[in-house]
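Following this message is one structure expressed as structure tokens.
The values are calculated or read from the model by the stated rules, or taken from the named source; none is laboratory data. No experiment lies behind these values; they were computed from the predicted model shown. Cβ placement follows ideal geometry from the backbone for every residue including glycine, while neighbour counts extend to all protein chains displayed.
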Amino acid sequence: MLSKIYSATVDGINAIPVTIEVDVSPGSRDQTNMKMVIVGLPDNSIKESYSRINAALTNSGMKLPPENITVNLAPGDIRKEGTGFDLPIAIGILKSNGMIGGNMSERFMVLGELSLDGSLQPIRGALPIAIKAREMGYEGLIVPEQNVHEAAVVNRLQVYGAKDFRQVASFLSGIPGQLQPTIIDTRAEFFAHQNEFELDFADVKGQEGVKRAFEIAAAGGHNLIMVGPPGAGKSMMAKRLPSILPPLSLAESLETTQIHSVAGQLKGGTGLITERPFRSPHHTVSQVALVGGGANPMPGEISLAHNGVLFLDELPEFQRAALEVLRQPLEDRKITVTRAKYSIEYPCNVMFVASMNPCPCGYYNHPTKPCQCTPGQIHKYLNKISGPLLDRIDIQIEITPLSFKELSRTQPGESSAVIRQRVIAARRIQEERYREQPGIYCNAQMTPALMRQFATPAPDDLVMLREIINRLQLSARAYDRILRLARTIADLEGSEKIQTHHLAEAVGYRNLDRESWGE
């Protein structure tokens, strides 16, 4: 007897519907050799599902039928991955054997990994699969209870969380009271947890110039790098950057949650992600872990930081090859991972923030501690960061350590809430400016055409800028970065046009372009 159960697999951050066809045909089978044939490009974890399904059914008081079992995962030309097909395959076997009747199973998508005792384990990608189930008109979705909150944020879809296999089998058999849909007020949950931050810029003493740079970076979505000695506060300030960024919109929150759902990064009971992500991988991170991919494709750190911050501390300690692969994603705000067997695109619209020491010993230009490095060692250290990567970083600032007088000051600094209000006001100006430009919402994303329209300096300022560009030998990309920065500085002041002092301040944030560095 043939049965069909509906499920889905994940490709990138999108779900692809999968029809699981199970045929239980008469005839004896050799239990020692023949188990269950699964076709339709399954990966190894799906091929191993027979052992889990057999044990789960046995420990749930049921048994696999003694006939031949053939499972087809359609469409057959798309590779299927993951253990989420255990539950729908087991349901399909029972339905083919007549143990589950009716047509309830045709109205639901079903996903879940089976433990040997019949309980359900969480799966990856429940949220994008829920979105696909609603899009295709299914009545509901059945997932393990650990995934129910992330899937239930999709409205107009009944989402059921199950503890074990018996619950699902009884529910699809029409036995009442087995499962109840989980209902979440998405908007209430989304707005209830915004503006909750443990870290605040009020804790940062002094460093007013660096705080100003962070405010400009947050207001325009600009990338930033800090250069300074150990203990100057680089990591401390970077970790507080999310507290001054504008709140996530509901659309951004949904997209960010999808990526973390696909990566299996959501904790049980988590619905929508309501705070901008902050990812800070260790400098030993591999190229694949940073940008994504692998044998079983997964989003990398740059995609997990989508709509948030990717912070790389001690930038020169990262593998150069890993850093170089960031260049195109930082520019395009998406990354396409292409391998022999697949090609997947992940979004990666991030604010890239980095920190580094000015030299190998860390004390070049320190006011009290002498540097032990030679000019050659300093140049070699700085050359670990390529020029093309630095070109993509709008704000390059030098940090000096605080004096004892500043450290011992008890008065708190300006709070994140106050800074954030100015950032939000500047972002609103940009949203209004680019409202007719799809995919562009901040100054860091301006195209050359938009720059000609909104970031063209006055003729006298162009003369000044030309002299600076020629003296510092800046690239065309660095010139564009300066204009984008000046546009953001003007927006923070509420100025319609870019003025001379806006350009001067923007040029001041190109510290690593100085030819005299390390001499």
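Kindly check whether there is at least one residue in the stretch 418-437 that is modelled with pLDDT under 90 and of a type in the set (A, V, I, L, M, F, W, C).
No: the stretch 418-437 contains no residue that is modelled with pLDDT under 90 and of a type in the set (A, V, I, L, M, F, W, C).
Within the stretch 467-504, count every residue that is assigned to a helix (DSSP H, G or I), among the acidic types (Asp, Glu) and surrounded by fewer than 16 Cβ atoms within 10 Å (Cβ to Cβ). If you could, list the steps in order and put the result at the bottom.
First pass over the stretch 467-504, keeping only residues assigned to a helix (DSSP H, G or I): 467-472, 476-493, 500-504.
Add one more test, that the residue is among the acidic types (Asp, Glu), and what stays is 467, 480, 491, 493.
Filter once more, keeping what is surrounded by fewer than 16 Cβ atoms within 10 Å (Cβ to Cβ): 467, 493.
Of the residues in the stretch 467-504, 2 are assigned to a helix (DSSP H, G or I), among the acidic types (Asp, Glu) and surrounded by fewer than 16 Cβ atoms within 10 Å (Cβ to Cβ).
Whether any residue in the stretch 452-464 is crowded, with 16+ Cβ neighbours inside 10 Å, part of a loop (DSSP other than H, G, I, E, B), over 28 Å from the mean Cα position of the chain (by Cα) and not hydrophobic (A, V, I, L, M, F, W, C) is what I want to check. Before you say what the answer is, go through the steps one by one.
Taking the stretch 452-464 first, the residues crowded, with 16+ Cβ neighbours inside 10 Å are 454-455, 457, 461.
Still in the list and also part of a loop (DSSP other than H, G, I, E, B): 455, 457.
Next, only the ones that are over 28 Å from the mean Cα position of the chain (by Cα) stay: 455, 457.
Going one step further and asking which of them are not hydrophobic (A, V, I, L, M, F, W, C), we end up with 457.
Within the stretch 452-464, one or more residues are crowded, with 16+ Cβ neighbours inside 10 Å, part of a loop (DSSP other than H, G, I, E, B), over 28 Å from the mean Cα position of the chain (by Cα) and not hydrophobic (A, V, I, L, M, F, W, C).
Next up: Got a number for residues in the stretch 336-359 being in contact with a Pro (Cβ under 7 Å, 6 or more places away or on another chain) and either polar (S, T, N, Q) or closer than 14 Å to Arg392 by Cβ (or both)?
2
Filter the stretch 105-115 down to the residues that are over 18 Å from Met62 (Cβ atoms) and either among the small types (Gly, Ala, Ser) or assigned to a helix (DSSP H, G or I) (or both) and list them by number.
Glu106, Arg107
Restricting attention to the stretch 283-335, which residues are of a type in the set (Ser, Thr, Tyr) and either within 15 Å of Ala263 (Cβ to Cβ) or buried (at least 23 other Cβ atoms within 10 Å of the Cβ) (or both)?
Ser303, the sole residue that qualifies.
Which of the residues that make up the stretch 256-273 are out of contact with any helix residue (DSSP H, G or I) (no Cβ under 6 Å at 6 or more places or on another chain), crowded, with 18+ Cβ neighbours inside 10 Å and of a type outside the set (A, V, I, L, M, F, W, C)?
Matches in the stretch 256-273: Thr256, His260.
So, one more: Can you name the strands (runs of 3 or more DSSP E) wholly within the stretch 318-400 that have at least 1 residues being more than 21 Å from His283 (Cβ to Cβ) and hydrophobic (A, V, I, L, M, F, W, C)? Walk me through how you get there before you give the answer.
On the way: elements: 334-338, 343-347, 351-356, 395-398.
Hits in the stretch 318-400: 334-338, 343-347, 395-398.
Additional query: Could you list, in sequence order, all residues of the stretch 261-291 that are under 17 Å from Pro144 (Cα atoms) and touching a residue at least 40 places away in the same chain (Cβ under 8 Å)?
From the stretch 261-291, those under 17 Å from Pro144 (Cα atoms) are 261-271; that's our starting set.
Listed by number, the residues that qualify are Ser261, Val262, Ala263, Gly264, Leu266, Gly268, Gly269, Thr270, Gly271.
From the list Asn147, Asn97, pick out the single residue that is farther than 22 Å from Ala263 by Cβ and either surrounded by fewer than 24 Cβ atoms within 10 Å (Cβ to Cβ) or touching a helix residue (DSSP H, G or I) at 6+ places or on another chain (Cβ under 9 Å) (or both). Working first, answer last.
Working: Asn147 fails: farther than 22 Å from Ala263 by Cβ.
The unique qualifying residue is Asn97.
Please verify whether Met136 is over 28 Å from Ser343 (Cβ atoms), surrounded by fewer than 24 Cβ atoms within 10 Å (Cβ to Cβ) and touching a residue at least 12 places away in the same chain (Cβ under 8 Å), treating the condition exactly as stated. Outline the logic, then answer.
Values: over 28 Å from Ser343 (Cβ atoms): no; surrounded by fewer than 24 Cβ atoms within 10 Å (Cβ to Cβ): yes; touching a residue at least 12 places away in the same chain (Cβ under 8 Å): yes.
So Met136 fails the test.
Looking at Leu389, Leu402, which is the one that is of a type in the set (A, V, I, L, M, F, W, C) and surrounded by fewer than 19 Cβ atoms within 10 Å (Cβ to Cβ)?
On the way: Leu389 fails: surrounded by fewer than 19 Cβ atoms within 10 Å (Cβ to Cβ).
After ruling out the rest, the residue left standing is Leu402.
Could you go through the stretch 150-157 and let me know if any residue there is β-branched (Val, Ile, Thr) and either under 30 Å from Ile395 (Cβ atoms) or out of contact with any strand residue (DSSP E or B) (no Cβ under 7 Å at 6 or more places or on another chain) (or both). Quick ask: steps written out before the conclusion?
Filtering the stretch 150-157 for residues β-branched (Val, Ile, Thr) gives 153-154.
Imposing the further condition that a residue be either under 30 Å from Ile395 (Cβ atoms) or out of contact with any strand residue (DSSP E or B) (no Cβ under 7 Å at 6 or more places or on another chain) (or both) reduces the set to 153-154.
Scanning the stretch 150-157 turns up at least one residue that is β-branched (Val, Ile, Thr) and either under 30 Å from Ile395 (Cβ atoms) or out of contact with any strand residue (DSSP E or B) (no Cβ under 7 Å at 6 or more places or on another chain) (or both).
A follow-up question, please. Would you confirm, using the coordinates I've provided, whether Ile225 is among the β-branched types (Val, Ile, Thr) and modelled with pLDDT of 90 or more?
Details: among the β-branched types (Val, Ile, Thr): yes; modelled with pLDDT of 90 or more: yes.
Yes: the conditions hold for Ile225.
Take the stretch 62-87 and flag every residue that is outside any strand (DSSP E or B), in contact with a Lys or Arg (Cβ under 8 Å, 6 or more places away or on another chain) and either free of Cβ contacts under 8 Å to residues at least 40 places away in the same chain or surrounded by fewer than 22 Cβ atoms within 10 Å (Cβ to Cβ) (or both). Full working, then the answer.
Keep residues of the stretch 62-87 that are outside any strand (DSSP E or B), which gives 62-67, 75-79, 81-87.
Filter once more, keeping what is in contact with a Lys or Arg (Cβ under 8 Å, 6 or more places away or on another chain): 66-67, 79, 82-84, 86.
Within the stretch 62-87, Pro66, Glu67, Arg79, Gly82, Thr83, Asp86 meet the criteria.
So in the stretch 272-329, with the set limited to residues that are among the acidic types (Asp, Glu) and farther than 17 Å from Leu245 by Cα, which one is farthest from the chain's Cα centre (by Cα)? Full working, then the answer.
Filtering the stretch 272-329 down to residues among the acidic types (Asp, Glu) leaves 275, 301, 313-314, 317, 324.
Those left that are additionally farther than 17 Å from Leu245 by Cα: 301, 313-314, 317, 324.
Numbers: Glu301: 7, Asp313: 18, Glu314: 21, Glu317: 23, Glu324: 19 Å.
Looking at residues that are among the acidic types (Asp, Glu) and farther than 17 Å from Leu245 by Cα, I get Glu317.
Based on this model, can you work out whether Phe171 counts as in contact (Cβ under 8 Å) with a residue 60 or more places away in the chain, over 13 Å from Ile5 (Cβ atoms) and in contact with a Ser or Thr (Cβ under 9 Å, 6 or more places away or on another chain)? Working first, answer last.
Numbers: in contact (Cβ under 8 Å) with a residue 60 or more places away in the chain: yes; over 13 Å from Ile5 (Cβ atoms): yes; in contact with a Ser or Thr (Cβ under 9 Å, 6 or more places away or on another chain): no.
So Phe171 fails the test.
For every residue, the table says whether it meets (1) in the same structural domain as Val337 (by TED's automatic domain parsing); (2) over 30 Å from Ile335 (Cβ atoms); (3) touching a strand residue (DSSP E or B) at 6+ places or on another chain (Cβ under 6 Å).
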residue: Thr83; (1), (2), (3): no, no, yes
residue: Ile91; (1), (2), (3): no, yes, yes
residue: Gly98; (1), (2), (3): no, yes, no
residue: Gly102; (1), (2), (3): no, yes, no
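Taking the criterion of being at pLDDT 90 or above and in a strand (DSSP E or B), would at least one residue in the stretch 30-38 satisfy it? First the steps, then the outcome.
Start the filter on the stretch 30-38 by keeping residues that are at pLDDT 90 or above, which leaves 37-38.
Now restrict to residues that are in a strand (DSSP E or B): 37-38.
Yes: one or more hits.
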